[in-house]
Amino acid sequence: MIDFVGRRRAYAVFSLLMIVPSLIGLALWQFEAGLDFAGGLETEVRFLGETDVSDVEEAVAGITDAEETPAGTELSVSEAEDGAIAVEGTLAETSLDDAFALADQVGQAVGASLPASVSLAVDVEETQIRTEFWFPGEVSQDDVRSALETIGLGGARIQATADSAFRMRVEQPADGDLERLRQRINEALRGEIGPIVVLQSSAVSGTLSVEIARDAGIALAVAAVAILIYISLAFRRLPNPVLYGSAAIVALLHDVTIVAGAFAIGGQVAGLEVNAMFVTALLAIIGYSVNDTIVVFDRIRENLLLDPREDFRRVVNAAITQSLGRSLNTSITVVLALLALLLIGGVTIRPFVVVLFIGTVAGTYSSIAVASQIVYLWQDGTLPRLLRMGGERRVVRRVERSA
């Protein structure tokens, strides 16, 4: 049996090494507030190149006359949604193989003549095909910033999201007219750079952002109180059941502090923002951490009920050892899935995944090194002695002042 309790001082030191930098980061930088909490306008646009329908028609003009093209094949070119250009082909005879061959010919012809093309979708049936292309413009982040500076928004946050696509975020204007602000941005980008397609746009007023922040705080507080009540009731057969609920809350504070500190530091280093997704992930981590802690506590309860006279140190060590394999297997599986999302997932979900990743690791650690150790230290009498000593010192100071 591993003596986890005997390593409690090492756990305390390691926790302090994580918590102290987190608290310093929160004190110095706080959070980089996202759109949900800061308010303002966020829009994502794609810049299009100079290619138009006539250019694509010229690129595919020779396909219908080629020897390998089935007789009677017809092609047409038209504008599609979001700035794309669609090439549609109709075959005179039903043949799925000929349809796929025609789709390949179209793709090769457009790619050879217009190398900047990006194929969006290919739809192939037995008698017809449809292929969509879009042609990105050569635009840099500096170009976007220069265009925004012409309307006094040079301080906007700009992030490249894909080929010739950028996400911009600006603060709410003094007059509060976010719709007018959106129009000014689009006009400036079109006038200074070229044609654009708005991929998405969202606006949050300052009043709404305050309400979101308040509701997020209430949600976290309600979750903590509910957890305390639930665990206290679940372990009511043991002496001092509130102790188990309190230990779980301390472990939660430990995990939340580490995650919050990481985001405060990450906001300065990597531009990590706190938004509604951050709060959602934090609530998920609270549930995950409590679940891991309850598994250990449940083993403590079962071991105590089997032999109430057993040394409590052995009970805690046995409970952690018995649940260690389950906790590690679950955590490693979750961490591997989150790593995959972190590496191949989009920019939008990255903060959400980062919170889950840090919180999963911290939650697994705290269920062993924080919550269980608090229960042991209280039952051992160490924490009550420390609290009494603190109370005695305060009484002595009051007496000295009175004298």
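The values are calculated or read from the model by the stated rules, or taken from the named source; none is laboratory data. The model shown is predicted, which means the values in this text are computed figures rather than measured ones. So basically every Cβ, Gly included, is an ideal-geometry build from the backbone, and we count neighbours across all protein chains shown.
Summary of computed values
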{"quantity": "Selected residue (only one of A188, A226, A281 is in contact with a helix residue (DSSP H, G or I) (Cβ under 7 Å, 6 or more places away or on another chain) and more than 30 Å from V144 (Cα to Cα))", "calculated": "A281"}
{"quantity": "Subset of the range 17-42 (residues that are of a type in the set (D, E, K, R) and not in a loop (DSSP other than H, G, I, E, B))", "calculated": "D36, E42"}
{"quantity": "Any chance V279 is under 19 Å from Y11 (Cα atoms), β-branched (V, I, T) and out of contact with any Lys or Arg (no Cβ under 8 Å at 6 or more places or on another chain)", "calculated": "no"}
{"quantity": "Some residue of the range 214-225 being on the phi < 0 side of the Ramachandran plot, touching a Phe, Trp or Tyr at 6+ places or on another chain (Cβ under 9 Å) and assigned to a helix (DSSP H, G or I)", "calculated": "yes"}
{"quantity": "Selected residue [in a loop (DSSP other than H, G, I, E, B), of a type in the set (V, I, T) and modelled with pLDDT of 85 or more] from V45, V139, V87, V144", "calculated": "V139"}
{"quantity": "Hey, F14 assigned by TED's automatic domain parsing to the domain that holds F312, in contact (Cβ under 8 Å) with a residue 60 or more places away in the chain and in a helix (DSSP H, G or I) or not", "calculated": "yes"}
{"quantity": "Residue satisfying all of: in the range 52-84; at pLDDT below 80 and under 37 Å from the mean Cα position of the chain (by Cα); surrounded by the most Cβ atoms within 10 Å (Cβ to Cβ) among these", "calculated": "G83"}
{"quantity": "Any hit, the range 344-353, residues being part of a loop (DSSP other than H, G, I, E, B) and in contact with a Leu (Cβ under 8 Å, 6 or more places away or on another chain)", "calculated": "yes"}
{"quantity": "Positions within the range 100-136 being part of a loop (DSSP other than H, G, I, E, B) and modelled with pLDDT under 80, in sequence order", "calculated": "L114, P115, A116, S117, E125, E126"}
{"quantity": "L324 being in contact (Cβ under 8 Å) with a residue 24 or more places away in the chain, in a helix (DSSP H, G or I) and touching a Leu at 6+ places or on another chain (Cβ under 9 Å)", "calculated": "no"}
{"quantity": "Selection from the range 236-288 of residues that are polar (S, T, N, Q) and in contact with a Gly (Cβ under 9 Å, 6 or more places away or on another chain)", "calculated": "Q268, N275"}
{"quantity": "Neighbours by Cβ (under 6 Å, 6+ apart or cross-chain): first from the range 179-190, part of a helix (DSSP H, G or I); second of a type in the set (V, I, T) and surrounded by fewer than 15 Cβ atoms within 10 Å (Cβ to Cβ)", "calculated": "A188/T150"}
{"quantity": "Single residue of V250, V279, V197 found to be touching a strand residue (DSSP E or B) at 6+ places or on another chain (Cβ under 6 Å) and touching a residue at least 60 places away in the same chain (Cβ under 8 Å)", "calculated": "V197"}
{"quantity": "Count of residues meeting criterion [buried (at least 20 other Cβ atoms within 10 Å of the Cβ) and over 28 Å from V197 (Cβ atoms)] in the range 85-97", "calculated": "1"}
{"quantity": "Residues of the range 174-194 that turn out to be surrounded by 14 or more Cβ atoms within 10 Å (Cβ to Cβ) and at pLDDT 85 or above, as a count", "calculated": "11"}
